[in-house]
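Every read-out reported here was derived from the displayed coordinates using simple, explicitly stated rules and does not represent laboratory data. Nothing here was measured: the structure is a model prediction, and the numbers come from that model. Using ideal geometry, Cβ is built from the backbone for each residue, glycine included, and neighbour counts are taken over all protein chains shown.
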Amino acid sequence: MDFFTRICILSLLSVISIQLISADPNTFNVQDYGAVGDQKTDDSWAFLKAWNATCSATTGTATMIIPKGKTFLVYPITFWGPCKSTTVYVTLSGTVKAPEDPSAWKDHDVGKWLEFQGINGLNIDGYGQLDGSGQKWWDQSCKLNPGKGGCTKLAPTVLGFRECKNVNMSHIFVISSPQTHILVLGGENVYLKDLTIRSPGTSPNTDGIHISHSNNVLVDGSFIESGDDCVSIGDASMNIHVSYCECELGHGVSIGSLGRSGNEVLVENITVEHVNFNQTSNGGRIKTWQVGRGQVRNVEFSYLNFTNVQNPIIIDQYYCDVAHNPIIIDQYYCDVAHACKGTKTGVKISDVRYIKAFGTSTTPVAINLNCSNIVPCTGITFEDVQLESASSNGQVTSSCNNAFGNTKGIIKPNSCLK
């Protein structure tokens, strides 16, 4: 072997050695596990294998890679924890797409598509997209086809976090969910930031983000356009913070509905601030069933802007799932299947503050506090709230029923609090 050949071989070995040394043993690309990304091939098993390898990594920070420029067809799957590494990353740069045909959920939980369960220390980023392929689900929805045999009451959630702690998700696009886009259930320390969530305003039950039985959840800097609540907050939720978000179409930010089955509920320490509502049916809403029990307390809606919103401020303790309002507390929430007359119970709503809320209402009643005669709303505060009609010649009013509290600053329309 001549000198030149030996040099070439040594150089080649050196390059290979450098590549092996620089390769991260804790990075797991779904394509290395068989994912194709052609929108046709079922890539579910490849995703599961890549996740299992990521979750089983014992040293360093494990990262699952979903690469840019590919669209991966994935059927319903659950990414199980706990993981061995203290921190797990998912870099979502490509598109993950759900099957379009609802029959793909045969033998699967129809309420789920992608779900992370029992994971502590999960980070998702990468400017990628989750596409729920919701159109065929919407077409057969019972909400849009009432009384039609074979219609669908329950459809998949695009992304669920169930019993997860210390979750960070940012810069992800979530579109066309069959039902709720993102679910946080039993979570703790969950931070959802800079997300874009989109479904048509006519799409049924497509909440942007639903939070339930969770503590310390932040939704920040996100754009949400949907056919239902922008953000909905369910029972056993506390220390929830929604800030700097844009809510388009849909039903606004809602606490509830709560107490539908007559159960005892507790929701407390909720902050909704610096949120813009554009053409939503409601703004800041609290809705409870008259047959419920328990407490909603220490809630603040502040720095809100309403543009052509039907009900900017609403509390409804007689919620009947038929009216949708901007700021509403509805303590009489009940539908035709649940008679509420004569009940001796109710969810107590107290210490609710509306601070610096401005904008336009498309209905005459811009502030609607419909509270229970059994458990009146108490400690309601209005500070610098100025609402006007979206019509150039229109007028707006306040309507109160069993609502007690005080005001500070300029209040328009005039307060009706006792």
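When the Cα positions of A357, S226, W113 are compared along the charge dipole of the chain, A357 comes out farthest toward the positive end, with charges on each C-beta of Lys, Arg, Asp and Glu. The angle separating the long axis of helix 3-22 from the principal Cα axis of greatest extent in the chain is about 20 degrees.
For the chain, the relative contact order comes to 7 percent (Cα pairs under 8 Å, sequence separation of at least 6). What pairs in K68/K112; K112/K136; K106/K136 have C-alpha atoms more than 18 Å from each other? Pairs exceeding 18 Å: K68/K112. Taking the Cα centre of the chain as origin and assigning +1 to Lys and Arg Cβ atoms and -1 to Asp and Glu Cβ atoms, the resulting dipole is close to 680 debye. Shape of region 24-81 from its Cα gyration tensor (a ≥ b ≥ c, root eigenvalues): rounded if a/c is under 1.5, otherwise prolate when a/b > b/c, or oblate? Oblate, since a/c reaches 1.5 and b/c is not below a/b.
Report, in degrees rounded to the nearest 10, the 0 to 90 angle that the Cα long axis of helix 44-56 makes with the longest principal axis of the chain. Its long axis makes an angle of about 80 degrees. Sorted ascending by nearby beta carbons within 10 Å, beginning with the fewest, T91, T407, T58 become T58, T407, T91. Each Lys and Arg adds +1 at its Cβ and each Asp and Glu adds -1 at its Cβ; summed about the Cα centre, region 133-273 shows a dipole of about 580 debye. A straight chain from D194 to T59 at 0.36 nm per residue would run longer than the Cα-Cα distance by 45.6 nm. A full extension of the chain between E246 and D38 corresponds to an added length of 71.6 nm, given 0.36 nm per residue minus the alpha carbon distance. Legend: P(r) of the chain from all alpha carbon pair distances, 20 Å bins from 0, whole percents, reading 26, 49, 19, 4, 1, 0.
On full extension, the segment bounded by H213 and N373 gains 54.8 nm, given 0.36 nm per residue less the C-alpha separation.
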